[in-house]
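See structure below.
Every read-out reported here was derived from the displayed coordinates using simple, explicitly stated rules and does not represent laboratory data. As the structure is a computational prediction, the values presented were derived from the model and not from experiment. Cβ: placed from backbone, ideal geometry, glycine included. Neighbour counts: every protein chain shown.
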Amino acid sequence: MSGDSLIFDGLVALGVIGALGWCISDDISNWFSPPSHLREIETTKDVHANSDTILRDYEINEHSADSIYKDKVVEITGKVSGIGSDIFNSIYLIMGDGFKQVQAYFDETERTLLRGVKVGEKITVRCLGDGEHMFNVVFDNCVIVIYSSGR
């Protein structure tokens, strides 16, 4: 190996190490705070409604209901009628007992809190409205605001 090749290899190695260090330091700062989309949902609320009202609004007029809830931060209060996960292991809870239900999807950071929630309990969540999908009214990026035993 020539001296020039050794210097070039050293500079490349320093560049790679510097880039990795920058990426890691940026990631570390995010380890201790929720993702930015959740921070916004935690601190903002466009609409507050109970799950029965949301379902009734979608039954009456989906287009009108979308203008109220879709792409808005919605605080929803209702009784938990189910908790599950989809084929991608995304956890959700269901509010409503009819054919059409409110389906609230949660970020991975809420998984531990959801372990304590039980069917029949009253819960308030804050989510981003995603509209009606097939038979459910879907909300994403949900965070738990409060829940209490309602049996």
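Here are some notes:
- Under 5 Å, built H, 5+ apart or other chain: amide partners of Lys72: Gly129
- Extension gain, Phe99-Asp71: 0.36 nm per intervening residue step, less the Cα-Cα distance, totals 7.7 nm.
- Amide H contacts under 5 Å for Tyr147, placed H, 5+ residues apart: Thr124
- Among Thr53, Thr112, a tally of other beta-carbon atoms within 10 Å of each Cβ gives an order, fewest to most, of Thr112, Thr53.
- Using 0.36 nm per residue and subtracting the Cα-Cα separation, the extra length available between Asp52 and His133 on full extension is 27.5 nm.
- Which of Asp71, Asp57 has the fewest Cβ neighbours within 10 Å, and the rest in rising order: Asp71, Asp57
- Residue-by-residue Karplus 3J(HN,Hα) for the stretch 45-57, coefficients 6.51, -1.76, 1.60, Hz, glycine and proline x: 8, 8, 9, 10, 7, 8, 4, 5, 5, 4, 5, 5, 4
- Residue exposure proxy: Leu114, Leu128, ordered by other Cβ atoms within 10 angstrom of their Cβ from fewest to most, comes out as Leu114, Leu128.
- FRET efficiency estimate (nearest 0.05) - Cβ-Cβ, Thr112 to Ile146, R0 22 angstrom: 0.85
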